[in-house]
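J.: Here it is, the structure in full.
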Amino acid sequence: MNASHHGNIHRAAARAALDVPGVLALQPALADRLALAASRVYEAVAAGATGRHEAAGVRCELTTVGAWHVEVRCILDKDHRVVDVARRVRENVRRAVTSYVAQQGRAAPVTVVVTVTRTV
Amino acid sequence: MALDDPHPTSSDKPAGVHAAAAEASLHPDAELLAGAELLPCGRPLGHAWQQARSAAGAADPHSSRCPHCREAIEGLTALDRATRALRAEEQPDGHSLATRVINAVRSEVRLGTKLLLDDPDHDLRIAESAAAKVLRRAADTVPGIRAASCRVAAAKDDHAVHVVHVVVITVAATLDQPLRGRAEAVRQAVLHAAEHVLGLAVTTVDVEVNAVLGASRVHGDERHELSER
């Protein structure tokens, strides 16, 4: 699976998470934040690679057993019950990533971990 | 493509390659920069480089259709933008860079440990700081109470099927009502918020009153900062 597919999985997962009512934003992980802090050039590169910003807050990796492991960090609206929104995020992201990898002819199990970093 | 990759020989080249190579020779600067590398479609990378640097974005019909050319142009455009940004940028200030890095790390640390939400799959988590904020807000709804700090941790029970949590909340209280009743109201408010607002399994709430509020400071909805926390 090349970088383009990897990027597509990121974007599919990010879009699926942001589509859930009650999800306000995705929170970049430390690695993304450090990249942002380390260089403003990141902005220029990110703008060129469409969707990179959109997918900050999502980490995907293909495990050694051929499964996709996706981590989503999100900020939620305080008027929604946290665990309910987190469940919907997990289901939406799992469905979106499963569907994408199946379309590519590489059906693989997908696990999703959702971390709520803030409610506002 | 690695620089030392052998280029396809003339006998390997698709029909359009000769023409493409001729096109590349029209852009000697680009060719110098990108080398004479050939994309899988047979076009020279220098051509994509030239298009990426062209302000008008004058893509020819082949480039706009060909995924190899499009990908190369997209990547080179991003690289070009980054290069221009670097040129325009003042020399990086080491101090501000260090500050940005420290702030990024601090904000990550402030999230605290990740607590498992009440779900059997154990893959939904909430940052302790986010949970504590909700629970402090719940305690604040009790008249005469102002939450100061809140810690949430998983209870240490290796045999438990579900992960449960212990909350330790420190509050300031007015003395116009018995503290025992106030503490019980705080406990109920915290338990209610944990279940209905968060979906976090909490079995124990320890309430510690460590400051006294003047009654006038928490009248009505008006809340004042505590002088002592």
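Each value in this text was obtained by applying a stated rule to the coordinates, not by laboratory testing. Worth saying up front: this structure is predicted, and the values here are computed from it rather than measured. Reconstructed Cβ throughout: ideal geometry from the backbone, glycine too, with neighbour counts over all protein chains shown.
J.: Distance from a point 7 Å along Cα→Cβ of A:Ser4 to each backbone N in the stretch A:83-120: keep the residues under 14 Å and list them by number.
T.: Flagged as within label range: A:104.
J.: Let me ask something else. For a label point 7 Å from the Cα of A:Val120 along Cα→C-beta, name the residues of the stretch B:99-134 whose backbone N is under 19 Å from it.
T.: It comes to B:103-112, B:126-134, nothing else.
J.: Just to confirm a number: summing +1 for Lys and Arg and -1 for Asp and Glu over residues other than A:Cys74 whose beta-carbon lies under 12 angstrom from that of A:Cys74, what do you get? Please report the intermediate quantities before stating the final value.
T.: Details: positive: A:Arg73, A:Arg88, A:Arg90, A:Arg118, B:Arg125; negative: A:Asp19, A:Glu71, A:Asp77.
Here the charged neighbours net out to +2.
J.: So who's got an amide H within less than 5 Å of the one on B:Val205, skipping anything under 5 residues away but keeping other chains? H placed 1.01 Å off N, in plane.
T.: Hits under the 5 Å cutoff: B:Val167.
J.: Hey, another quick one. At 0.36 nm per residue, and after removing the present C-alpha to C-alpha distance, how many nm does the segment from B:Leu86 to B:Ser64 gain when stretched out fully? Please report the intermediate quantities before stating the final value.
T.: On the way: separation 22, 0.36 × 22 = 7.92 nm, distance 2.84 nm.
Extra length available between B:Leu86 and B:Ser64 comes to 5.1 nm.
J.: Given Cβ point charges of +1 (Lys, Arg) and -1 (Asp, Glu) and nothing else, what value in debye, to the nearest 20, does the dipole of the stretch B:114-218 about its Cα centre take?
T.: Details: 12 positive and 13 negative charges, 115 e Å.
I would put it at about 560 debye.
J.: Under a crude label model (7 Å from the Cα following the beta-carbon direction), how far is A:Leu24 from B:Val166 in nanometres?
T.: 3.2 nm
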